[in-house]
1. Suppose we keep only residues that are in contact (Cβ under 8 Å) with a residue 60 or more places away in the chain, assigned to a helix (DSSP H, G or I) and small (Gly, Ala, Ser) within the stretch 197-214. Which one would you say is nearest to residue 233 (Cα to Cα)?
2. Condition (residue is buried (at least 24 other Cβ atoms within 10 Å of the Cβ), in a helix (DSSP H, G or I) and small (Gly, Ala, Ser)) applied to the stretch 252-261: is it met by at least one residue?
3. Which of the residues belonging to the stretch 496-538 are within 24 Å of residue 194 (Cβ to Cβ), open to solvent by 40 Å² or more (accessible area, probe 1.4 Å) and in contact (Cβ under 8 Å) with a residue 40 or more places away in the chain?
4. Considering 335, 305, 316, which residue is farther than 26 Å from residue 260 by Cα and either hydroxyl-bearing (Ser, Thr, Tyr) or in contact (Cβ under 8 Å) with a residue 24 or more places away in the chain (or both)?
5. Taking residue 369 as meeting all but one of (1) at pLDDT below 90; (2) part of a loop (DSSP other than H, G, I, E, B), write down the number of the exception.
6. If you scan the stretch 178-196, which residues turn out to be assigned to a helix (DSSP H, G or I) and acidic (Asp, Glu)?
7. How many residues, within the stretch 144-175, are of a type outside the set (A, V, I, L, M, F, W, C) and under 20 Å from residue 190 (Cβ atoms)?
8. Go through 317, 303 for me and flag whichever is part of a helix (DSSP H, G or I), surrounded by 24 or more Cβ atoms within 10 Å (Cβ to Cβ) and of a type in the set (Val, Ile, Thr).
Amino acid sequence: MAKGKPKPTDLTVQALTTERTRRMVFSKHYYGKLTAYCLFAIMLLMAGTMRAAAGETEFDRLLKAYEDANGKSQTSNLNAQISAANALFLFLDKAKFTDTPIQFKAGIAADSLRMMTDYWAAEYLYNEQQQADRAIRLATRALPLCRASKDPDMAADCLALLSACHFRKGEWKQAADYAKELYKLDQHSGDNDRISSSLNTLAGIYLGARQPREAEKYIVRAINASKKTNNLQRQAVILGMASEIYQQMGNADKALEYARQGYALEEQLGRKGKAAIRLSQMAAAHMALHHDKEAKEALEKAIPALRSDSNKHSLAICLNQMGELLLKEQKNSEAAKCFTEALQLHIAQGDLYNESNARKGLYNALKDSDPQAAMRHIERYNELKDSIYDRETGEVLSKYNAQYGNEQLQEDNELQRQQKRRVMMTALATVLALIIIIGVLIYVFRRRYKGSRKENSRMAQHIDQLRQQQRQLKEKYANIIASNRSNKDQLADEEKQFIDRIITISHKQMAEGKVDFDDMAAQMCMSASNLRRRITKITGETPANYLLKIRLQEARHLIDTQSDLSIADVAMRCGFDDSSNFARAFRRVFGVSPSEYQHGEQKS
């Protein structure tokens, strides 16, 4: 995964959330019409295109070589596919797009090779080249292989990437479909961190479709889920999203409060670039509340930090905001400089919405000093404002929301029906048991009275024996209850000892290079199923999630205390055979890649 660029494991990255960007507006890339009066803008666009082409040449060549090998006989040409894929991953490693080198060996399954190569190529196309269409083609090809694999994380990552790509193109329905499937996977995992992430994704989609009231429903649930985790990075992202949502709803006070909370967390984590994004959100809320002085102070802190962090998208939005404030102060020439720089950045990124804001600002800044230039900007602004949003997209998403809500309602109703059926079956079974018991008793009494006195005497004697046994059992159970009461205070210590034993065995297995749940159960003198139930009962988590977190905590400890270890060495010592799987798991739990954490870029 790219250093300093979180992978889109949820749609809180790149232009989809406030973690990577400041706004939720997406549309197809814009290529300006070649008109004489827009020569300056055309030169900028051509320069950006030339730079992009120069950066794409080697990657495109390697990707084409891989796809050519993949298009030939899949059985006889597997070695050629492996060679082409390895060349592509070598490029990604040199470009520092992956944390650790990824190379395939002879004998790898063809489906695994295609899944990994298509997915990572799609990641690069989306993150580095902003080519959503090409990324969608490769990720769509990888998704069935991810679903068929035994790695739910790969399926989740691929779904998140596809949702982000469709969101970037303004295709809300497709983005929501993939996000919904991702949410179901996260729900099944029972991991509150992943659940909060996918809820944040759904909130982002509705925000991008300009349905903030629908987005609010998801963001409230995301905030509640994130509070059950220790992932401060995730909480900061979700608070930033909440600020965006309430800003669009017109509730500036609430937007400001969430932005301040997110800023405080980012400062605590030492993430200066992300803290600058929260400052931008605070500035937006201050501007809505007409607190111009506070807004300007926030932007004066944010803009230098965003330049240093190379976050061009958020920087351009802050420049638009600063331009608006300077216009209010009647500093038109300074405002024009801000809007001009913002315009160049928005054009390069294909961000039509914010380009239109910059052009409107330039019109107001130049209408007195340069009326002709001002007219060109306002004409382009009028062209853009009518083409940014398709009315049908909002209607489609509304229908999708109704369908999703109905499905949720049906699931709830079905659950209630199942619960009622279980109650009825339990009651019926109880009644039948009582009838059988009564019938047996009647039969026994009849037989008793038909017997002889000797039999009656023996039965009476037997009853006395039963009564004596009953008394003995009562005394025994009374002693057990008293013993349980005396041991009640020791329960917490027993559970602690149990967990300490689990942690000790986990560390021993990591040291031996073998992480095996069945072996752990054997060492605990328990069956695997009993051990799973005991861990879940004590920790409230699935055994897989809990043991993974033990391994990742050990990984973080090794990175903190043994700086000479490579990421691959840390992964191996913590029982991960695949460094890329280790990197994905580390980022999902701690919010940063192992490399970022090792170099101290975002340590809390």
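The values are calculated or read from the model by the stated rules, or taken from the named source; none is laboratory data. These numbers were taken from a predicted model, which means no experiment stands behind them. All Cβ positions, even for glycine, are placed from backbone atoms using ideal geometry, and neighbour counts span all protein chains on display. Accessible surface is based on the protein model in full, side chains and every heavy atom, while ligands, DNA and RNA are left aside. Shrake-Rupley method; radii C 1.70, N 1.55, O 1.52, S 1.80 Å.
1. By that ranking, first place goes to 197.
2. The answer is yes; a qualifying residue exists.
3. 503, 515, 538
4. 335
5. Residue 369 satisfies all of (1) at pLDDT below 90; (2) part of a loop (DSSP other than H, G, I, E, B) except (1).
6. Correct list: 181, 186, 193.
7. So the count comes out to 6.
8. It is 317.
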